[in-house]
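What follows is a short report on a single structure.
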Amino acid sequence: MSIQIVIVTYKTMLSECVAYNTFCQYVHSLTVPYSLLIYNNSPENKITCDKEYVEVVDAVSNDMLAGAYNFALQAAVKKQAQWLLLLDQDTQLSQAYFEKLNDFLTSSFVNQYDVVVPLMRMRTKHLSPIAFSKKTGPFINQFNSVVNHQNFKKCTAKKQYAAFNSASLLSVKQMTSIGGFDTNYPLDMLDHRYYHLLNKVGAKLYVLDVVLSHSLSLLEKKNTMSKQRYKDYLDKCLMFAKTLGWGAVLCQKIRLSFSVLMNMLVPHKHQYFKASVKNLFRF
């Protein structure tokens, strides 16, 4: 039993990387063998690290998340690791998280599951994981089910599940079986894409009884997302909706209609109005 861990960085030095610093602080609670890969997606900022269990890769160009994750998956296969742990640079890990993760990895039921995730919250708002019907997709929160440690078996019995990339522990065998991470989704909606494929092959979800804090830029009062990034996000939402069916496309359009209204009324969102309207009438 071993884990390949990857932290993807972008324009961030290790000294400023929240995930790396909290990893080093609390990883002592992990008793199973592991190796850490730092995938630096900003070639102009070289990263160095003198820890023997850390491998640093400086990408020639920005390979986005899909490229970095596929590199890490290939590394896991070469090392014969059973698990791949994804971490974003701004994820704040905790001792409780590593303790719960270690409890799972050393349990008698570890081989019964293929995906292991914590709860993700932004302040009091539950963000991940969720369960939803394939007919509607994940686009309207009122149709989604909040998944936690107590109800994950019931919630995922008849619905698809999805979770955020960061802190997702994925079976290397299952990820290899679905062809790795789809490069048609280099950044936005990548998590929904591979979780959709994992659902299709029957991968089993386990939810840790621990909460990590996460910041979601779309929900922040002062959204710093560029207009181009917002357009790309909408394009990938529509692309993913089409893979689920026209019911999901309709739900994506309903959600986007409310976004158009918000973009009109909220001053800091005016910049997204044009992109929202254009996507609203694309099918």
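When ARG123 is tested against (1) at positive phi; (2) of a type outside the set (Val, Ile, Thr); (3) buried (at least 22 other Cβ atoms within 10 Å of the Cβ), only condition (3) is not met.
Does VAL32 meet the test of being assigned to a helix (DSSP H, G or I), modelled with pLDDT of 95 or more and over 19 Å from the mean Cα position of the chain (by Cα)?
Values: assigned to a helix (DSSP H, G or I): no; modelled with pLDDT of 95 or more: yes; over 19 Å from the mean Cα position of the chain (by Cα): yes.
The answer is no for VAL32.
Would you confirm, using the coordinates I've provided, whether ASP63 is of a type outside the set (A, V, I, L, M) and in contact with a Phe, Trp or Tyr (Cβ under 8 Å, 6 or more places away or on another chain)? It is true that ASP63 is of a type outside the set (A, V, I, L, M) and in contact with a Phe, Trp or Tyr (Cβ under 8 Å, 6 or more places away or on another chain).
The values are calculated or read from the model by the stated rules, or taken from the named source; none is laboratory data. Please read these numbers as outputs of a predicted model, since none were measured by experiment. Cβ atoms come from the backbone with ideal geometry, glycine included; neighbour counts cover every protein chain shown.
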